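Engineer: Before anything else, here's the structure in question.
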Amino acid sequence: MTAVLLTPDSRAHPRSFATLTEPVRRAPGAAVAVVLARVTVLRADRDTAPVLDRHLRVGIPAPHRWRMAADVLVTSGGPGQPAALARRHPGALVTAAYHGPDCWLRLRIGGGARLRMRKRTAAPGAAAPPRDLSWPVWASLVHAWLVAGVPPEALAPSSARLIPARTGAGGVAPEQTVLLRTER
């Protein structure tokens, strides 16, 4: 299980806490992961039960039938890739492309909002996380926040922080932060 805290820069949109559980299952004939992600979101601004989001995340290159069923579609590439994916796969709420420390997203809501996520590294000299959270996982978290009613304008500008967890050696894993900004 992974726990992440979303902190929008705007006081109008309070924090949101998400936990993600995702058994990776490869679809028959798929060369990449086809994942049924399960994310529970608890919003600090609502006195309601947590929202459970279950969605299908597909990585490219996956067979066409899986891409057409995807809620979240992810590939490696640059800033123009998510818009092209969104045009070819109209059912996906989130399309994403990543390269190095950057990931660009296109959201099906909010007028086709475009976001850019950037990993912020830990303090100089800090050990690398034992299991770096991948860009596809971050794209799934964005999907879950949207489903939980966090508006696109609250996602950017904001930051999301992986809550440190205990490692197998009894230590604490280093913090990982992603900054989200509106892409023009």
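Engineer: Once neighbouring chains are kept in place and the probe is 1.4 Å, which whole percent of the accessible area of the stretch 32-122 is contributed by carbon and sulfur?
Structural biologist: After summing per-atom areas, the C and S share lands at 54 percent.
Engineer: Check which residues have an amide H placed less than 5 Å from GLU183's amide H, if you skip close sequence neighbours.
Structural biologist: Result for GLU183 returns ARG114, LEU115, ARG116.
The values are calculated or read from the model by the stated rules, or taken from the named source; none is laboratory data. As the structure is a computational prediction, the values presented were derived from the model and not from experiment. Only protein heavy atoms, including side chains, enter the accessible area calculation; ligands, DNA and RNA are left aside. Shrake-Rupley method; radii C 1.70, N 1.55, O 1.52, S 1.80 Å.
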